[in-house]
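Note sheet for the following structure.
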Number of protein chains: 2
Amino acid sequence: MKKLINDPSDVVAEALRGMEAAHGDLIRVNHDPAYIVRADAPVAGKVAIVSGGGSGHEPMHGGFVGRGMLDAACPGAVFTSPTPDQMQAATTAVDGGAGVLHIVKNYTGDVVNFEMAAELAEAEGASVRQVVIDDDVAVKDSLYTAGRRGVGATVLAEKICGGAAERGDDLDGVVALCERVNANARSMGMALTSCTVPHAGEPTFTLGEDEMEIGIGIHGEPGRERMPLEPADRIVARLLDPIMEDMPLGDGDEALLFVNGMGGTPLIELYIAYRRAAELLGERGVRVTRSLVGPWMTALEMAGASVTVLKLDAELTELWDAPVVTPALRRGA
Amino acid sequence: MKKLINDPSDVVAEALRGMEAAHGDLIRVNHDPAYIVRADAPVAGKVAIVSGGGSGHEPMHGGFVGRGMLDAACPGAVFTSPTPDQMQAATTAVDGGAGVLHIVKNYTGDVVNFEMAAELAEAEGASVRQVVIDDDVAVKDSLYTAGRRGVGATVLAEKICGGAAERGDDLDGVVALCERVNANARSMGMALTSCTVPHAGEPTFTLGEDEMEIGIGIHGEPGRERMPLEPADRIVARLLDPIMEDMPLGDGDEALLFVNGMGGTPLIELYIAYRRAAELLGERGVRVTRSLVGPWMTALEMAGASVTVLKLDAELTELWDAPVVTPALRRGA
């Protein structure tokens with residue numbers, strides 16, 4: 001295992017110290033229990049948005065805390081759900097009296113723990129709602145998940161709902177918007193290599209020198225198919241075709257195209273994939289009017305990529321464009 | 001070689017098509033010769049800033065084209081200097097009549113080709129100046145380089161000079177500022193793994209399972225020392241100590257700390273390194289007032305990191321904070 005770490009047990013805590021040192025103007029970090037909140041939390045009268053999940057997917061979610069996106073993020077151990085007490089403490093810390101939305105990726109541990117946290121926080125007087133993101137078309141029921149997994153749409157939902165909360169939408173409105181993003185987004189990913197959880201010390205799975213896995217999850221969960229490596233354009237079609245078969249998107253529609261890097265794939269390769277995905281959407285008459293390209297939701301050093309397509313309307317576009325000031329994503333102000 | 005590419009010969013051209021498709025609101029791409037310009041180039045009366053170098057270091061430089069940073073970037077083949085005709089065409093395309101600054105990383109091919117391009121552009125009436133960035137304290141004279149190599153300070157110089165050009169500084173002023181950034185910045189990097197140039201198909205060098213290389217260049221050029229892998233905190237000290245020995249920075253000074261990922265090292269590890277570098281600077285009485293953490297100047301999928309320290313003053317801080325709207329780096333507007 002070749003990693004730039006000290007003791008594997010200290011990885012998350014030390015990274016949080018780094019985030020705190022680097023971004024103290026935007027965020028505050030609570031260390032026990034571990035959570036990150038925007039520097040001015042709680043914002044009175046604003047719906048608060050909380051997310052979280054296992055660490056190892058950075059910048060998701062901690063890098064998305066700040067004005068216009070998340071109020072708080074709860075980092076679990078690497079690839080491990082955060083605990084209800086983290087989530088409850090974060091919820092209480094950011095509750096500005098207008099309610100709290102939990103945006104939860106569909107992994108059983110995350111969903112159950114966020115539900116427990118919501119009950120605990122509600123017992124203390126908070127009003128909490130949960131939206132589960134399940135945009136991954138690759139497989140139904142997977143290791144760690146009943147139903148579809150939550151992947152790239154999470155980043156888009158956090159940005160768009162953050163914009164809505166910032167402009168003053170109420171809790172019902174932000175919840176409805178989050179459900180709309182999830183309903184209009186689909187994703188699928190693939191891996192060229194495995195990744196190594198620091199505590200495990202060994203790769204999560206193995207792939208032969210000429211193999212790739214199509215439909216893989218962001219923790220290395222099995223996908224649809226393990227097969228020989230192919231050219232990028234063929235791989236992109238293998239990701240985009242199932243997405244398009246599953247979503248209501250066609251001639252004349254507008255979309256956001258998000259090509260995400262899993263960590264170990266260079267940006268130059270992500271742009272090659274983006275180019276082909278945009279071409280394929282164009283051939284179907286879809287106008288790609290917004291884009292996101294980069295390692296925004298990673299699986300440690302895994303090489304690979306995922307494609308997410310979000311059908312846009314005027315409101316989603318406006319909220320996507322709204323100012324955001326977080327460690328990872330910035331626009332405006 | 002496991003890469004998300006099609007034909008190795010098409011990597012750069014296809015990635016440029018992807019950038020064009022994703023960021024058409026911010027940049028325009030010329031394909032033959034290949035260069036990227038900001039969408040509103042040339043900006044009349046503004047000093048234009050041009051950079052470039054081999055591809056494979058993304059987002060540097062193409063991702064830094066836009067308002068508040070570069071007017072143009074010239075991408076060469078992977079790890080190969082762009083040609084004088086690319087640089088000349090880019091220079092002419094962005095010349096707004098107030099002169100053009102070439103910010104050049106110190107690699108012999110880049111320096112010579114940019115000098116030739118400047119002569120060609122000046123023969124056509126442009127006023128061109130060159131500043132060579134040479135901030136890497138690791139080695140003096142290296143594969144491809146006479147003197148010190150240009151690395152992380154390039155990103156900082158491009159941002160700060162871009163801010164100065166945007167506020168209306170003249171060519172002499174922007175040149176002086178670029179020289180000031182270079183004089184006040186030092187860097188050093190290390191690698192945990194090698195990387196593979198697509199055309200070569202084999203790793204550029206090899207490192208044993210328990211080895212790392214301290215002081216490596218961003219093309220895999222030899223560093224100071226190949227040695228057994230150590231904990232992150234020890235590695236950070238091995239990078240920061242030579243930086244501090246070489247630069248005029250001490251008790252009471254302010255600095256920008258930039259921890260850069262080489263591509264394959266996850267962000268969570270970069271924050272662990274940032275934390276330690278900030279602590280070590282703090283122990284010397286240096287106040288870290290600005291930060292940059294992430295894979296901003298990469299070496300394809302190489303695992304590793306570099307540390308850059310820039311001594312700040314009020315003007316450099318103000319220009320670092322100035323609005324910037326590029327595909328990779330955004331702040332304000």
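If we keep just the residues of region B:1-41 that are small (Gly, Ala, Ser) and more than 17 Å from residue A:294 (Cα to Cα), which is nearest to the other protein chains (Cβ to nearest Cβ)? Can you show your working first?
If we filter region B:1-41 for residues that are small (Gly, Ala, Ser), which is where we start, we get B:9, B:13, B:15, B:18, B:21-22, B:24, B:34, B:39, B:41.
Among the residues that remain, those that are also more than 17 Å from residue A:294 (Cα to Cα) are: B:9, B:13, B:34, B:39, B:41.
Numbers: B:9: 12, B:13: 9, B:34: 13, B:39: 15, B:41: 21 Å.
Once the filter is applied, the top-ranked residue is B:13.
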Within region B:131-151, the residues that are outside any loop (DSSP other than H, G, I, E, B), surrounded by fewer than 23 Cβ atoms within 10 Å (Cβ to Cβ) and modelled with pLDDT under 95 are B:142
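Output the residues belonging to region B:276-305 that are among the charged types (D, E, K, R), surrounded by 24 or more Cβ atoms within 10 Å (Cβ to Cβ) and out of contact with any Leu (no Cβ under 9 Å at 6 or more places or on another chain).
Residues of region B:276-305 among the charged types (D, E, K, R): B:276, B:279, B:283-284, B:287, B:290, B:301.
Then keep just the ones that are surrounded by 24 or more Cβ atoms within 10 Å (Cβ to Cβ); that gives B:276, B:301.
Scanning region B:276-305 gives a single hit, B:301.
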The residue from A:128, A:111, A:100 that alone is open to solvent by 10 Å² or more (accessible area, probe 1.4 Å) and either closer than 28 Å to residue A:14 by Cα or touching a residue at least 40 places away in the same chain (Cβ under 8 Å) (or both) is A:111
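Any chance you could count how many residues in region A:42-57 are crowded, with 19+ Cβ neighbours inside 10 Å and more than 12 Å from chain B (Cβ to nearest Cβ)? Break it down stepwise before answering.
Going through region A:42-57, the residues crowded, with 19+ Cβ neighbours inside 10 Å turn out to be A:42, A:46-57.
Then keep just the ones that are more than 12 Å from chain B (Cβ to nearest Cβ); that gives A:42, A:46-53.
Adding up the residues that qualify gives 9.
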How many residues of region B:214-250 are closer than 17 Å to residue A:2 by Cβ, within 13 Å of another protein chain (Cβ to nearest Cβ) and touching a residue at least 40 places away in the same chain (Cβ under 8 Å)? The answer is 7
The number of residues in region B:306-328 that are in contact with a helix residue (DSSP H, G or I) (Cβ under 8 Å, 6 or more places away or on another chain), hydroxyl-bearing (Ser, Thr, Tyr) and open to solvent by 10 Å² or more (accessible area, probe 1.4 Å) is 0
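Residues are listed down the side, and each one gets a yes or a no for (1) hydroxyl-bearing (Ser, Thr, Tyr); (2) within 27 Å of residue A:307 (Cβ to Cβ):
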site: B:1; (1), (2): no, yes
site: B:27; (1), (2): no, yes
site: B:33; (1), (2): no, no
site: B:44; (1), (2): no, no
site: B:48; (1), (2): no, no
site: B:51; (1), (2): yes, no
site: B:62; (1), (2): no, yes
site: B:93; (1), (2): no, no
site: B:96; (1), (2): no, no
Pairs returned, first residue in region B:273-284 that is more than 10 Å from every other protein chain (Cβ to nearest Cβ) and within 19 Å of residue A:7 (Cβ to Cβ), second residue that is assigned to a helix (DSSP H, G or I) and open to solvent by 20 Å² or more (accessible area, probe 1.4 Å), beta-carbon separation under 8 angstrom, 6 or more apart or interchain, are none
Within region B:61-72, is even one residue within 13 Å of chain A (Cβ to nearest Cβ), at positive phi and of a type in the set (Phe, Trp, Tyr)? no
| message | When you check residue A:85 against the structure, is it among the acidic types (Asp, Glu), outside any strand (DSSP E or B), more than 14 Å from every other protein chain (Cβ to nearest Cβ) and open to solvent by 40 Å² or more (accessible area, probe 1.4 Å), yes or no? | response | yes
Across region A:38-93, the tally of residues that are within 14 Å of the chain's Cα centre (by Cα), acidic (Asp, Glu) and farther than 30 Å from residue A:7 by Cα stands at 0
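Residues are listed down the side, and each one gets a yes or a no for (1) in the same structural domain as residue B:69 (by TED's automatic domain parsing); (2) open to solvent by 10 Å² or more (accessible area, probe 1.4 Å); (3) closer than 22 Å to residue B:73 by Cβ; (4) over 22 Å from the mean Cα position of the chain (by Cα):
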site	(1), (2), (3), (4)
B:157	yes, no, yes, no
B:178	yes, no, yes, no
B:191	no, no, no, no
B:209	no, yes, no, yes
B:216	no, no, no, no
B:224	no, yes, no, no
B:229	no, yes, no, yes
B:240	no, no, no, no
Those residues of region B:145-192 that are in contact with a strand residue (DSSP E or B) (Cβ under 7 Å, 6 or more places away or on another chain) and of a type in the set (D, E, K, R) come to a total of 7
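So, residue A:331, is that one at pLDDT below 95, over 22 Å from residue A:138 (Cβ atoms) and charged (D, E, K, R) or not? Step through it out loud before you land on a result.
Details: at pLDDT below 95: yes; over 22 Å from residue A:138 (Cβ atoms): yes; charged (D, E, K, R): yes.
Considered against the rule, which asks whether it is at pLDDT below 95, over 22 Å from residue A:138 (Cβ atoms) and charged (D, E, K, R), residue A:331 comes out as yes.
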Given the criteria open to solvent by 30 Å² or more (accessible area, probe 1.4 Å) and either among the β-branched types (Val, Ile, Thr) or free of Cβ contacts under 8 Å to residues at least 40 places away in the same chain (or both), does residue A:202 qualify? no
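The values are calculated or read from the model by the stated rules, or taken from the named source; none is laboratory data. Every value quoted in this text rests on a predicted model; they were computed, and no experiment measured them. A quick note on method: Cβ atoms are made from the backbone with ideal geometry, for glycine too, and the neighbour counts reach across all protein chains shown. Each accessible area value is taken on the protein alone, full model and side chains, heavy atoms only, with ligands, DNA and RNA left out. Shrake-Rupley method; radii C 1.70, N 1.55, O 1.52, S 1.80 Å.
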